[in-house]
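The values are calculated or read from the model by the stated rules, or taken from the named source; none is laboratory data. Everything quoted here is computed from the prediction, not taken from an experiment. Cβ placement follows ideal geometry from the backbone for every residue including glycine, while neighbour counts extend to all protein chains displayed.
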Ligand code: FE2
């Protein structure tokens with residue numbers, strides 16, 4: 001079976017790239033399940049219920065997220081309601097939403113998805129490695145096919161998670177830095193890995209934001225209102241082929257496609 005994971009969708013520009021390319025990718029590669037990181041889908045910061053619904057209507061099966069999921073308060077209730085929308089599992093207990101789920105493809109194959117956030121140069125959260133242990137154990141009683149979105153800043157922490165979960169999950173996919181890394185591979189235990197899947201949005205920009213504004217911020221160190229860049233949008237993602245019986249990755253392929 002084939003699973004497409006699309007990297008961080010940034011604002012309207014990213015949603016446009018997704019709508020241009022998604023259906024062709026699904027048809028071309030016979031994709032069974034689509035996961036998208038949507039934490040920046042609403043004007044570059046956070047997600048709204050309406051935009052989450054639009055993404056599901058587009059054909060997305062699961063939306064993962066990260067630190068920016070909390071930016072728009074209106075999503076909090078939706079996190080409790082919508083089981084296909086995940087936020088990192090390692091936030092303090094009692095917060096809205098959930099960090100993992102069990103989903104089914106149209107042919108009935110069960111797929112577990114786990115969303116975690118790194119702690120290096122990020123929020124002071126529970127240990128993502130120990131939280132992963134518990135969630136993997138729970139999901140493996142239902143299916144051997146499990147994908148992990150590890151939303152982190154530091155390459156080292158993401159690589160460590162890849163090796164830590166090697167042989168226990170089908171893929172560990174890094175998100176958050178918005179720049180696709182060229183290190184995709186299948187680790188020795190059968191887990192597909194990439195340090196960062198990249199982003200879906202404007203590439204004529206600083207990680208999706210208008211470059212003039214990002215430069216101004218670095219030059220002045222003053223607060224600057226960031227806007228999503230509009231030109232030259234592309235979709236970045238990764239395609240993972242998984243053995244449906246064992247959950248082992250059989251193939252991994254990076255995707256970078258310009259929007260129409
Ligand atoms: Fe992030």
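Within segment 119-169, being assigned to a helix (DSSP H, G or I), farther than 18 Å from residue 185 by Cα and in contact (Cβ under 8 Å) with a residue 24 or more places away in the chain holds for 128, 129, 131, 132, 135, 136, 138, 139, 140. If we scan segment 197-215, do we find a residue that is at pLDDT 95 or above and within 16 Å of residue 3 (Cα to Cα)? Yes: one or more hits. Look through segment 162-193, keep the residues that are crowded, with 24+ Cβ neighbours inside 10 Å and within 16 Å of the ligand (Cβ to nearest atom), and return whichever of them is farthest from residue 250 (Cα to Cα). Only one residue fits best here, namely 176.
Here's the yes/no breakdown for (1) free of Cβ contacts under 8 Å to residues at least 60 places away in the same chain; (2) in contact with a helix residue (DSSP H, G or I) (Cβ under 6 Å, 6 or more places away or on another chain):
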position	(1), (2)
206	yes, yes
232	yes, no
235	no, yes
251	no, no
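Criterion first (more than 20 Å from residue 198 (Cα to Cα), out of contact with any helix residue (DSSP H, G or I) (no Cβ under 9 Å at 6 or more places or on another chain) and more than 16 Å from the ligand (Cβ to nearest atom)) does residue 71 satisfy it?
Values: more than 20 Å from residue 198 (Cα to Cα): yes; out of contact with any helix residue (DSSP H, G or I) (no Cβ under 9 Å at 6 or more places or on another chain): yes; more than 16 Å from the ligand (Cβ to nearest atom): no.
Criteria not met by residue 71.
Any chance segment 29-46 includes a residue that's more than 16 Å from the ligand (Cβ to nearest atom) and without any contact (Cβ under 8 Å) to a residue 12 or more places away in the chain? I'd like the intermediate steps shown before the answer.
Of segment 29-46, the ones more than 16 Å from the ligand (Cβ to nearest atom) are 29-34.
Checking the rest, the ones that are also without any contact (Cβ under 8 Å) to a residue 12 or more places away in the chain come to none.
No: zero hits.
Filtering segment 126-140 for residues that are buried (at least 18 other Cβ atoms within 10 Å of the Cβ), under 19 Å from residue 40 (Cα atoms), under 18 Å from the mean Cα position of the chain (by Cα) and within 16 Å of the ligand (Cβ to nearest atom) leaves an empty set.
A quick yes/no check of all residues on (1) crowded, with 18+ Cβ neighbours inside 10 Å; (2) within 16 Å of the ligand (Cβ to nearest atom); (3) without any contact (Cβ under 8 Å) to a residue 60 or more places away in the chain:
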| site | (1), (2), (3) |
| --- | --- |
| 18 | yes, no, no |
| 23 | no, no, yes |
| 55 | yes, no, yes |
| 60 | yes, no, yes |
| 64 | yes, yes, no |
| 82 | no, no, yes |
| 100 | yes, no, yes |
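Would you check if there is a residue in segment 203-225 being under 17 Å from the mean Cα position of the chain (by Cα) and either more than 26 Å from residue 19 (Cα to Cα) or outside any loop (DSSP other than H, G, I, E, B) (or both)?
Step one: list which residues in segment 203-225 are under 17 Å from the mean Cα position of the chain (by Cα), which gives 207-208.
Restricting the remaining residues to those that are either more than 26 Å from residue 19 (Cα to Cα) or outside any loop (DSSP other than H, G, I, E, B) (or both) gives none.
No, segment 203-225 contains no residue that is under 17 Å from the mean Cα position of the chain (by Cα) and either more than 26 Å from residue 19 (Cα to Cα) or outside any loop (DSSP other than H, G, I, E, B) (or both).
For the residues 214, 229, 249, the requirement of being more than 21 Å from residue 8 (Cα to Cα) and crowded, with 16+ Cβ neighbours inside 10 Å singles out 249. Checked against (1) touching a residue at least 40 places away in the same chain (Cβ under 8 Å); (2) part of a strand (DSSP E or B), residue 198 passes all but a single condition, namely (2).
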